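The values are calculated or read from the model by the stated rules, or taken from the named source; none is laboratory data. Model, not experiment: these values are computed from the prediction. FYI the Cβ positions are ideal-geometry reconstructions off the backbone, even for glycines, and counts take in every protein chain you see. Heavy atoms of the whole protein, side chains included, go into the accessibility calculation; ligands, DNA and RNA do not. Shrake-Rupley method; radii C 1.70, N 1.55, O 1.52, S 1.80 Å.
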Amino acid sequence: MILGLYACLFSVVNGCSAQTNLVAAELETVHSETFLYYLYYPEDYDAKTNHNFPILLFLHGGGEAGAADLEALKSGGPPKLIAEGKQFPFLILAPQNPHKKKWWNTSALMELLDTIVAENRVDKNRIYITGLSRGGGAVWELAAQYPNKFAAMAVVCGMTPKPYASWINRKLPIWVFHGENDKSIPISESEEMVKLLRNLGNEVKFTKYPNTGHNAWDKAYTTEELYDWFMAQKRQN
């Protein structure tokens, strides 16, 4: 009888303990991000007051993250070309990742992009995206998270979250660039992602650079065909 009572009490105590270990609750979090950024306007933007222009979102690599100012962005990609005098037929938004070691905050990036689009004469069906290295990885992520946002994307030596391949819009034109001797992010990353996407039905251009290491961006972003290719793309619903 006494043993039975102890067993009952033990069961009740354990039951109460199990119930109190799982607590339902709710908390609304708020996380803000502050971006420094360059915004480039085409030479004829002010003259063509009734014209909506495409826009290219460019995401830099890890080397430019967390720098004290925006000058670091001029070391590669479209900002470097603009500093050298090149002109583009579309707006270019080039934000800086404020965190030296952290991944790009993609939700905050989209808020920035949407704000720039709303405040300027932008063709919402011609929003392009590109990035290199860590920024290239963020481009893959954005394409998966916002499959109906972009008209085309180009990734240069980017980290590839391969499970995202199934989430990317099948109609999204994609161009991938990578150096064959890349020791930081092996070319196999891009090769496997391109294979997955093509098997799923995506249109993917793939440019491999022999005798080239991680810095594939100097060659990729001086490829004039890339910008003609962007301009030929329009978002398909």
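In this label model, LYS102 and THR115 are separated by 1.5 nm, measuring between points 7 Å along each Cα→Cβ vector. Measuring nothing but how far apart in sequence close Cα pairs (under 8 Å, 6+ apart) lie, relative to its length, region 164-223 scores a relative contact order of 46 percent. Between TRP229 and LEU39, the contour length at 0.36 nm per residue exceeds the Cα-Cα span by 66.3 nm. Structure remark: mean-square fluctuation, Gaussian network model of the chain, C-alpha springs under 10 Å; the largest value among GLY158, GLY135, GLY76 belongs to GLY76.
Using just the helices of the chain, give the 222 nm mean residue ellipticity in deg cm²/dmol: DSSP H runs with n ≥ 4 each add -39,500 (n - 2.57), and the total is spread over all residues, rounded to 500. Provide the component values of the computation, followed by the final result.
Working: 7 runs with 79 residues, N = 237.
Theoretical 222 nm ellipticity from helices: -10000 deg cm²/dmol.
The largest accessible area among GLU224, GLU191, GLU84 belongs to the first residue in GLU84, GLU224, GLU191, and the rest follow in falling order (1.4 Å probe, all chains). Placing unit charges on the Cβ atoms only, positive for Lys and Arg and negative for Asp and Glu, gives the chain a dipole magnitude near 560 debye about its Cα centre.
Most mobile of PRO163, PRO54, PRO79 per a Gaussian network model of the chain (Cα springs, under 10 Å)? Taking springs between Cα atoms under 10 Å, the residue moving most is PRO163.
May I have the convex hull volume per residue, in Å³, for the Cα set of the chain? Kindly include the intermediate steps, with their values, before the conclusion.
Working: hull volume 46.7 nm³, N = 237.
That works out to 197 Å³ per residue.
Using a cut-off of under 14 Å, list every residue of region 82-119 whose amide N is near the label point 7 Å from the Cα of THR49 along the Cα-to-beta-carbon line. Counting backbone N atoms under 14 Å from the label point, the list is empty.
I'd like the FRET efficiency for ALA83 and GLN145, computed as 1/(1 + (r/R0)^6) with the beta carbon distance as r and R0 of 30 Å, rounded to 0.05.
On the way: r = 31 Å, r/R0 = 1.02.
With a Förster radius of 30 Å, E is 0.45.
Which parts of region 103-134 would a label at SER75 reach, counting a residue when its backbone N lies under 18 Å from a point 7 Å out along Cα-to-Cβ? 103-104, 131-134, by backbone N distance to the label point. When you restrict to C-alpha pairs under 8 Å that are six or more residues apart and normalise by the size of region 125-237, the relative contact order lands at 29 percent. Across region 181-190, computed HN-Hα scalar couplings (Karplus, 6.51 cos²θ - 1.76 cosθ + 1.60, θ = phi - 60°) run 9, 5, 9, 7, 10, x, 4, 4, 4, 6 Hz from first to last residue, x flagging Gly and Pro. Note on ALA25 and ALA68: with the Förster distance fixed at 41 Å, the Cβ-Cβ geometry gives a FRET efficiency of about 0.50. The solvent-accessible area of MET159, taken with every protein chain present and a 1.4 Å probe, is close to 70 Å². For the chain, the relative contact order works out to 17 percent when only alpha carbon pairs closer than 8 Å and six or more residues apart are counted.
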